[in-house]
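First the structure, in the form of structure tokens, and then the observations on it.
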Amino acid sequence: MSSSEKNGSLDASAGASVDVDAVILVGGKGTRLRPLTNNTPKPMLPTAGHPFLKHLLARIKAAGITHVVLGTSFKAEVFEDYFGDGSDLGLEIEYVVEDQPLGTGGGIRNVYDKLRHDTAVVFNGDVLSGADLGDILATHREKEADLTMHLVRVANPRAFGCVPTDADGRVLEFLEKTEDPPTDQINAGCYVFQRELIASIPADRVVSVERETFPQLLQEGRRVYGHVDTSYWRDMGTPQDFVRGSSDLVRGIAFSPLLEGQTGEELVDPSAGVRDGVILLGGTVVGRGTEIGAGCRLDGTVVFDGVTIEPGAFIENSIISSGVRIGANAHISGCVIGEGAQIGARCELSSGMRVFPGVVIPDGGIRFSSDQ
Ligand code: GTP
């Protein structure tokens, strides 16, 4: 039983709502995922059959939180067009737009006027996490913290900023990436703030919560705690992580309330046409209206809507955007194919290549490897 279940006030399964606001930062440009993010903000990219953000919203709802504020900037209108007031999801969603991106700290400060409660859970909108939100909130309350950070223990902390804590869970410092990290606890991009702390972030200028706000709170002696666990965690910022995160959702390795009872080796939209002899593996997802010809093999791949894949193609660990056409017997490994691109028959594309939207590669094209 989770501590959220032990603590009656946080028991979402009983239908109780939690007196906490959720804030999601979705204003980034998602440059590492270009060209997928040229027109679509990263949190709206189709992931395991839904925009990524919808999985996070479902998790927030399942934790009993109903009021959500999205801090938007890049392509702000796309979010409201899709989610509206949130009522379809049983949520109340509000939107705050930054004319110029204010960074993570500035984005949090900018939603201050929309907050209704003394406590707000702030999420990076591109993190796939299996953490129990009720448990994180319970730690925040038990410690009477001003700020509680979700910290996750990872096998390779060298790639991330580390956050050591003392025996009581109090945060000692925030460290940049280092070759010799003193702890395997990393910042998981989910924070519980007491509201007055948000008021103290400077308004109307760019602020990084990681580089400026957190170190300053420590310096001021505020009660900053870590909630440490080993739950599923992935930053969806790169093509490799995006593909892996989507596959993990499809296979149930990462949990989403949207996919309960539907997990398996593949997830195919009912409107897609998949011919005989097609093999779909490794958490491959196939979007609306996509057609896959006989004898194709797709492994660990995300295929958006309206894609045509001709017979005999082999695709692994790749992202295929909407409207793409892939010719017969093409071989694509570890690539991102932009919207509407056409890949000729027998083409061989590998090693992290990115094909930009609308590009046409003739039959038999590109056999070399590239790290682009
Ligand atoms: P990259 O350009 O590929 O690094 O992606 P990104 O722009 O999303 O940046 P990053 O991954 O560091 O951002 C972490 C989270 O904060 C994401 O959910 C972003 O949408 C969000 N974010 C980043 N910058 C801003 C900002 O200026 N304003 C707001 N509201 N959110 C931001």
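The values are calculated or read from the model by the stated rules, or taken from the named source; none is laboratory data. Being a predicted model, the structure only gives us computed values, none of them experimental. Here Cβ is always computed from backbone atoms with ideal geometry, including for glycine, and neighbour counts include all displayed protein chains. The protein model used for the area step is the full one, side chains on, heavy atoms only, and it has no ligands, DNA or RNA in it. Shrake-Rupley method; radii C 1.70, N 1.55, O 1.52, S 1.80 Å.
A Cβ-based charge dipole, computed about the Cα centre of the stretch 63-169 with Lys and Arg at +1 and Asp and Glu at -1, lands at about 440 debye. Would you mind telling me the share, in percent, of accessible area of the stretch 265-361 contributed by carbon and sulfur at probe 1.4 angstrom? Result for the stretch 265-361: 47 percent of the exposed heavy-atom area is carbon or sulfur. A 1.4 Å probe over all protein chains sorts Asp305, Asp204 by accessible area into Asp204, Asp305, starting with the largest.
The residues of the stretch 3-256 expose, per residue, 42 Å² of accessible area to a 1.4 Å probe. Residues in the stretch 162-181, backbone N under 14 Å from the label point at Ser208 (7 Å along the Cα-to-beta-carbon vector): list them, ranges by number please. It comes to 162, 174-178, nothing else. Structure remark: mean-square fluctuation, Gaussian network model of the chain, C-alpha springs under 10 Å; the largest value among Val324, Val192, Val78 belongs to Val78. The stretch 120-209 gives an Rg/Rh value of 0.96, both radii derived from C-alpha positions and Rh following Kirkwood. The stretch 187-252 and the stretch 48-84 have Cα centres spaced 17 Å apart. Checking the a/c ratio against 1.5 first, then a/b against b/c, what shape does the Cα gyration tensor give for the stretch 265-361? Because its axes are fairly even, with a/c under 1.5, the stretch 265-361 counts as rounded.
Apolar share of the accessible surface for the stretch 18-167: 43 percent from carbon plus sulfur atoms, 1.4 Å probe.
Rounded, prolate or oblate, given the Cα gyration tensor of the chain, with a/c below 1.5 counting as rounded? Note, shape of the chain comes out prolate. If the segment from Asp19 to Ser200 were pulled out straight at 0.36 nm per residue, it would be longer than the present Cα-Cα gap by 63.0 nm. Working from Cα pairs under 8 Å separated by at least six residues, relative contact order for the chain is 13 percent.
Take the Cβ atoms of Val359 and Leu281, set R0 to 25 Å, and the FRET efficiency comes out at 0.35. In this view, the solvent-accessible surface of Lys61, computed with a 1.4 Å probe and all protein chains in place, comes to about 90 Å².
The distance from the alpha carbon centre of the stretch 310-372 to that of the stretch 104-152 is 40 Å, rounded to a whole number. Extension gain for the segment Asp99 to Ile253, taken as residue separation times 0.36 nm less the Cα-Cα distance, is 51.7 nm to one decimal.
Please go through the residue pairs Lys29/Lys114; Lys29/Lys177; Lys42/Lys177; Lys75/Lys114; Lys61/Lys177 and name each one whose alpha carbons sit more than 31 Å apart in this structure. As for pairs spanning more than 31 Å Cα to Cα, those are Lys61/Lys177. Take 309-315, 208-214 and order them by the average number of nearby Cβ atoms within 10 Å per residue, most first; the result is 309-315, 208-214.
Each peptide among 215-225, 117-127 gets the average number of other Cβ atoms lying within 10 Å of its residues, and from highest to lowest they stand as 117-127, 215-225. About the centre of its Cα atoms, the stretch 265-361 shows a dipole size close to 240 debye [charges on the beta carbon of Lys, Arg (+1) and Asp, Glu (-1) only; nearest 20 debye].
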